[in-house]
Structures are given as C-alpha cells and as structure tokens.
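Throughout, read-outs are computed from the coordinates displayed, never taken from laboratory work. Just so it is clear, the model here is predicted, and its values are computed rather than measured. Quick reminder, even Gly has a Cβ in these numbers, built from the backbone with ideal geometry, and neighbours come from all protein chains shown.
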Amino acid sequence: MTDTITLAHLSDVHLSPVRGLGLRQLNVKRSLGYINWQRSRRRVHLLTALDLVVADMKEYQPDHIAVTGDLINLGLPAEYEVARTWLESLGDPRDVTVVPGNHDIYTNLRGDPGVARWAEYMRADAWGEQLVPENAPPFPFVRRIGPVALICLNSAVETPPFVAAGELGAPQLAALASLLEQTEREGLVRVVLIHHPPLPDLAPPRRALRDAVKLARVLEENGAELVLHGHNHRDHHLDFAWARGRIPVIGIASGSMGRVHKHEPLGRYNLLRITRTSSGAQIECTTRGLDPTAAFIEHVDHKLIS
Ligand SMILES: [Fe+2]
Ligand SMILES: [Fe+2]
C-alpha cells in the first residue's frame, strides 16, 4: 500500500425493518422507540436507499470502510443478527471497522450478547494489539491501514427513555491520549472514529457526548489528523484548533435515508483520500449520495480538508 489510502465513511444506517420485538424484550425505552420507529423512522430509513449507497461505494474500491454506529434501532437480538449479516455483505472484518452508536447499545440486554456479535469488526489488528496493555478494555482499539492509524472509540452507553447521549469515561480518554501520542511518534496519520459528535455544542444535551469538554482537551493537547463521526444525520465539517495546528472534524449523514426527514439529507457517504505528507496529512473528502428522486447516486461535494 502506498502513502495514500481511500477510506469510505458510512454511518447511521438504522437497518430496517425492526424485527424480533416480543413481550420479553419490551420495556419503556424500547416501547417508546418502537412507537417512534413506526410513526416516522421506518418510512425514511430504507434498505433500497442503503443498497444503492453501498453499491456505489464499492465501485470506488476503498481500501477500508469505517461505519460509525447506529447500525440498528432498538437493540433487539434479531436486529444484531441482521446487522451481522449486513456487515458480512459489506466486507471482510479486516476491511471494515465498526464503532457502536447509541442505538446499538440501547437498553438492558438481559444477558444477550448484543454488539459482541460484531466483535470481529470492532477489534484491533495484530499491529494495534501491541499498542495497548494486555487485558485492556475493548475500547479504544487501533487498526493500521497503510499510513493511517484508525483509533476507535465507544461513546455508546445505555440511557433512559428520550435520552440519546453518549459518554467515553476517564479510562477511555486516558487510553486515547496515550494512543494519539504513540501513533504520532510512529509518524502515522491519526484518524479517530466516534459515533457522537466529539466536541461541545454539536448536539443538544439530551443527545450529546457528556464528556465532550474532556475529549476536546485530549484532542487539543495530543492532536489528530482527522475525526469522523455520525449521530446527527447531517453532514458536518469544522476545524478544531490544537497546540500545533487544526483537526478536521467531519460528520456524515445517514447512509439509508430514502426520503428527506426533518432536514436530514438523503442517504450518502464520504470517500476520504488520505495522503501522508512530510508535514502531516493531505485529506480530500468526496461526498456521494442519492439524487433528489432517490433513484441513483450522484456527486454531492468535493473539498480539500487539510
Ligand atoms: Fe442515528
Ligand atoms: Fe446516534
């Protein structure tokens, strides 16, 4: 692999239909979530839209695919199984990396393995294993794709009804700081994956990352070349200043929207062309997504982000 790679970024596919909701799985959170799904979300997150998005993405033969969470909706055992099959259709676990979203770690699972079914897509490669102590928690984990170190966080925590907030916690933040430092020393392009928007004020408190201020401090002190997130179902780009430059923070909208809903655009994804340079990285971002009739995929945007 050269010093340039293409990373595809897809998020919030919210696979439909919701299946496997029985009395045994019912609680207040799932009941309210199911009502919301039936009333609106099931009409907009369409597999037909997602299939077009994924087919287009595969034509570009990205070196790697990053999926930043919310693969499913109500945290039901059958949904995890469906998502596992979908991930297999997306690619080999070596070529696809997943971090969970709030809909993937949704409510009490009563012993069900939940996202553990996707473990192969959410673990370090042999190189990344050496960067963390033995018996370290599963997140953050790191993978190497050419010149890129993918540093993968889990911001999803079980929450009460009407709350879609996330939290990293002190151990994960400390491990992230160490990994950013180690991978910079190795001269790698550091790309951080997280479901929730990583900085303060990017989501209302009920939906935000609770320790975003602390994450911002870690990024400010240690830097990164790129942060990718989902959750808001909207495209987003800002540059965050750190001690020695700026970090592009890029959010991608949902990959499965087949109809416009609450200002959320139709299904789309990003192709990030990342080149290691003597001063860090050059990153180009191409957005592709459904045309207004939702019949085919078209070019949406292209920009040089660093
Ligand atoms: Fe989502
Ligand atoms: Fe989310």
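Have a look at A216, A295, A149 and tell me which one the Gaussian network model of the chain (Cα, springs below 10 Å) gives the largest fluctuation. Per the Cα network of the chain with a 10 Å cutoff, A295 tops the list. Length gained on full extension, E186 to D291: 33.6 nm, using 0.36 nm per residue less the C-alpha separation.
Put in line by how crowded their Cβ is, counting other Cβ atoms within 10 Å and starting with the fewest, F139, F296, F162, F240 read F296, F162, F240, F139.
Once the convex hull of all Cα atoms in region 1-116 is built, its volume per residue stands at 100 Å³.
The R39 and V163 beta-carbon pair, evaluated with R₀ = 25 Å, returns a calculated FRET efficiency of approximately 0.85. Arranged from fewest to most other beta-carbon atoms within 10 Å of their beta carbon, S279, S40 become S279, S40. Length available on full extension from Y60 to R206: 0.36 nm per residue minus the Cα-Cα distance, which gives 48.9 nm. Label zone of H263 (point 7 Å out along Cα→Cβ, amide N under 19 Å): in region 3-43 this covers 41.
When DSSP assigns beta bridges and you keep just the ones with both residues in the chain, what percent turn out antiparallel, to the nearest 5? Here the antiparallel bridges make up roughly 65 percent for the chain.
When the chain is treated as a Gaussian network with alpha carbon springs shorter than 10 Å, the biggest mean-square fluctuation among V260, V82, V28 belongs to V28.
Taking the Kirkwood radius as Rh and the Cα radius of gyration as Rg, the chain has a ratio of Rg/Rh equal to 0.94.
Extension gain for the segment T277 to V213, taken as residue separation times 0.36 nm less the Cα-Cα distance, is 20.1 nm to one decimal.
Rg over Rh for region 40-178 works out to 0.97, using Cα positions for both radii and the Kirkwood form for Rh. Our note on the geometry: Cα centres of region 1-63 and region 137-196, 22 Å apart.
Each residue in R84, R41, R244, R190 was given a count of other beta-carbon atoms within 10 angstrom of its own, and listing them fewest first yields R244, R84, R41, R190. Among the GluC sites (Glu not before Pro) within region 144-248, those in coil by DSSP and having at most 14 neighbouring Cβ atoms inside 10 Å are E158, E186.
Each label point was placed 7 Å from the Cα along the Cα-to-Cβ direction; for D95 and D51 their separation is 2.0 nm.
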